[in-house]
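**Q** Shown below is the structure under consideration.
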Amino acid sequence: MSESRVVATPDVLVPVPDGWVVVDDAPEAVVLAWPERPDDSFRPNVVVTRRPSDEPVPAASADVVAATLGLQRDAQVLAVEPLHDGAVPSRLVTYGYDSDSAYVCVQQWVFATGATHVHVTASCSIDEMLLVHPHFSELVRGLDFSPGGAP
């Protein structure tokens with residue numbers, strides 16, 4: 001991952017995986033995607049969103065599960081895992097759903113900073129999960145929640 005390609009939000013610095021495209025970098029939503037495809041198939045993507053909240057991470061992950069089941073009628077929640085590898089409390093919610101073109105696998109990391117919930121939602125087709133998962137993991141490991149939120 002290129003250290004020089006970073007998108008700043010008010011709460012977190014988001015590294016951009018090599019070869020990925022920044023589709024949107026507004027303060028409320030950063031959208032990164034795999035390069036365009038000639039066949040117009042589902043593109044792996046990562047969306048980073050934020051919302052003010054002082055609720056702890058268990059409440060944030062419960063909200064993700066409820067929203068997933070409410071928005072995706074056929075969604076299947078596969079796992080909710082507490083994570084203990086960073087300074088910011090977090091959980092990983094894994095789910096999937098059928099789209100028109102593919103079964104989509106989603107990994108949604110939820111971080112509770114004490115004042116904000118930061119969601120990192122990474123999506124890809126099931127056929128590409130093994131190929132794309134390392135990019136998702138590396139991006140999440142590279143998140144920087146330093147005070148100030150700017151490089």
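**Q** Would you mind checking which residues have amide H under 5 Å from His117's amide H? H placed 1.01 Å from N; only 5 or more apart, or other chain.
**A** Hits under the 5 Å cutoff: Arg51, Ser53.
**Q** Sticking with this structure for a sec: I need the phi-derived Karplus couplings for region 132-139: 6.51 cos²θ - 1.76 cosθ + 1.60, θ = phi - 60°, integer Hz, Gly and Pro marked x.
**A** Working through the residues one at a time gives 8, 3, x, 5, 4, 4, 5, 4 Hz.
**Q** Before rounding to the nearest 500, sum -39500 (n - 2.57) across all DSSP H runs of length at least 4 in the chain and divide by the residue total; then give [θ] at 222 nm in deg cm²/dmol.
**A** Computed ellipticity for the chain at 222 nm equals -6000 deg cm²/dmol.
**Q** Taking the Cβ of Val12 as the center, what net charge do the other residues with Cβ under 9 Å away carry, scoring Lys and Arg +1 and Asp and Glu -1?
**A** Computed value for this residue: -1.
**Q** Here's another thing I want to ask about it. What does the charge count around Ala29 come to, taking other residues whose C-beta lies under 13 Å from its C-beta (Lys +1, Arg +1, Asp -1, Glu -1)?
**A** -2
**Q** Leu130 to Asp100: FRET efficiency via 1/(1 + (r/R0)^6), r the Cβ-Cβ distance, R0 25 Å, to the nearest 0.05?
**A** Rounded to the nearest 0.05, the efficiency is 0.65.
**Q** Continuing with this model, one more query. Enumerate the amide H contacts of Leu143 below 5 Å, restricted to partners 5 or more residues apart or on another chain; note that Pro and chain-start residues carry no placed amide H.
**A** Result for Leu143 returns nothing.
**Q** Give me the percent of accessible area attributable to carbon and sulfur for region 19-151, probe 1.4 angstrom.
**A** C and S atoms contribute 55 percent here.
**Q** Moving to a separate point now. Region 1-69 to region 99-121: how many Å between their Cα centroids?
**A** Computed from Cα coordinates, the inter-centre distance equals 8 Å.
**Q** If you don't mind, another one. Residues of the chain: accessible area per residue at 1.4 Å, in Å²?
**A** Averaged over the residues of the chain, the accessible area is 53 Å².
**Q** Among residues other than Val140 whose Cβ falls under 14 Å from its Cβ, what is the net charge (Lys/Arg +1, Asp/Glu -1)?
**A** Charge balance in the 14 Å sphere: -2.
The values are calculated or read from the model by the stated rules, or taken from the named source; none is laboratory data. Worth saying up front: this structure is predicted, and the values here are computed from it rather than measured. Here Cβ is always computed from backbone atoms with ideal geometry, including for glycine, and neighbour counts include all displayed protein chains. The accessibility values were calculated without ligands, DNA or RNA, using every heavy atom of the protein model including side chains. Shrake-Rupley method; radii C 1.70, N 1.55, O 1.52, S 1.80 Å.
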